[in-house]
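First the structure, in the form of structure tokens, and then the observations on it.
The values are calculated or read from the model by the stated rules, or taken from the named source; none is laboratory data. Given the structure is predicted, the values throughout are model-derived calculations rather than measurements. Cβ: placed from backbone, ideal geometry, glycine included. Neighbour counts: every protein chain shown.
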Amino acid sequence: MATSPSTGKPSPEKRPLWIIDLGRQAYEKTRELQKRLVRARLEERTPDVLLLLEHDPVFTMGRHGSWENLLLSEEALRARGIACIPTERGGDVTYHGPGQLVGYPVVRVPGKGRQVKALVEGFEDVLLRTLARFGIQGRRNPGNPGAWVGQAKIGSIGIAVQHGVSFHGFSLNVGMDLTPFSWIHTCGHRNLRITSLEERLGEEVSLRKVKGMVASLFAHRMAYRPALPDTAQRQDATALGLPGLAWVEDGVDNVPCWVNPEKRPYG
């Protein structure tokens, strides 16, 4: 019998989950997709959803963030071709870019308070269990949600909840250029050390492999079963901004998912 990650009580069966592999995407495009998925989830047009992707280089500012933590001027940002976008999620400023795996769970959160905390702890567990697959001992930091290795942060979490549906989510640094983190006070902390899987292991790591681990661990930890969309849901996918996606039974390390065949840089 599965256990509900939000209540800790026994659940009679695992809940359905769409896992959607979007490849590499611009931040704003994916943010608008999340908003459409939130509305669709509220209207029961979709089950819970996990989006997996990389972003083009971008800084994002959480709703509690301070622009003083962005150390570059607007001119310097333009010269580097990187925007800083205000968002609804919690937390402060962070960076997303190629080589970082981002997960956006668009999921129902019954109740508030403890349930939201349990959801965040579930996301942390997924990150920590992924690290463990590589022989890396990660840890939590009660004052800064995410995944840490020693004193360095390797994974971040920032969510928003609207009408009982959570969106935004988590990121894990796999094999990215960490330089842009030196241009901000990441998560609002001065001199915060940022690391990645490749830096810790000293070798190249397949983002696709990590994505498969995260998809599988997320479904297991959060008590889901990857779900096959029905005919009506397939037809609705275009309206949601998911045109051209194909359903692949063994798409992510044998975890069924939607995939975008035009945006799959993983390898």
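Rundown of residues vs (1) touching a Leu at 6+ places or on another chain (Cβ under 6 Å); (2) aromatic (Phe, Trp, Tyr); (3) surrounded by fewer than 22 Cβ atoms within 10 Å (Cβ to Cβ); (4) part of a loop (DSSP other than H, G, I, E, B), yes/no style:
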{"position": "30", "(1), (2), (3), (4)": "no, no, yes, no"}
{"position": "37", "(1), (2), (3), (4)": "no, no, no, no"}
{"position": "44", "(1), (2), (3), (4)": "no, no, yes, yes"}
{"position": "60", "(1), (2), (3), (4)": "no, no, no, no"}
{"position": "90", "(1), (2), (3), (4)": "no, no, yes, yes"}
{"position": "95", "(1), (2), (3), (4)": "no, yes, no, no"}
TODO: Residues being modelled with pLDDT under 90, part of a loop (DSSP other than H, G, I, E, B) and crowded, with 16+ Cβ neighbours inside 10 Å: count how many of those fall in segment 178-216.
DONE: 0
TODO: Might you let me know whether segment 38-48 holds any residue that is farther than 30 Å from residue 223 by Cβ and at pLDDT 95 or above?
DONE: no
Open item on the list: Only one of 111, 135 is at pLDDT below 95 and either part of a strand (DSSP E or B) or at positive phi (or both). Can you tell me which?
Closed with: 111
Open item on the list: Just to be sure I understand the filter: pairs with C-beta atoms under 8 Å, separated by 6 or more residues or on different chains, first member in segment 186-213 and at positive phi, second member hydroxyl-bearing (Ser, Thr, Tyr) and outside any helix (DSSP H, G or I). Which pairs pass?
Closed with: 187/94; 187/156; 188/66
Open item on the list: What are the pairs with Cβ atoms under 9 angstrom where one residue, in segment 148-160, is under 15 Å from residue 173 (Cβ atoms) and the other, located anywhere, is part of a strand (DSSP E or B) and of a type in the set (Val, Ile, Thr)? Sequence gap at least six, or different chains.
Closed with: 148/154; 152/194; 153/194; 154/194; 156/94; 158/60; 158/94
Open item on the list: Which residue is nearest to the chain's Cα centre (by Cα), if the candidates are limited to segment 157-177 and must be assigned to a loop (DSSP other than H, G, I, E, B) and surrounded by 19 or more Cβ atoms within 10 Å (Cβ to Cβ)?
Closed with: 174
- [ ] Could you check residue 99 against (1) surrounded by fewer than 15 Cβ atoms within 10 Å (Cβ to Cβ); (2) modelled with pLDDT of 90 or more and say which number it fails?
- [x] (1)
Task: Restricting segment 138-156 to residues that are under 20 Å from residue 95 (Cα atoms), surrounded by 17 or more Cβ atoms within 10 Å (Cβ to Cβ) and of a type outside the set (S, T, N, Q), the residue that is modelled with the lowest pLDDT - done: 145
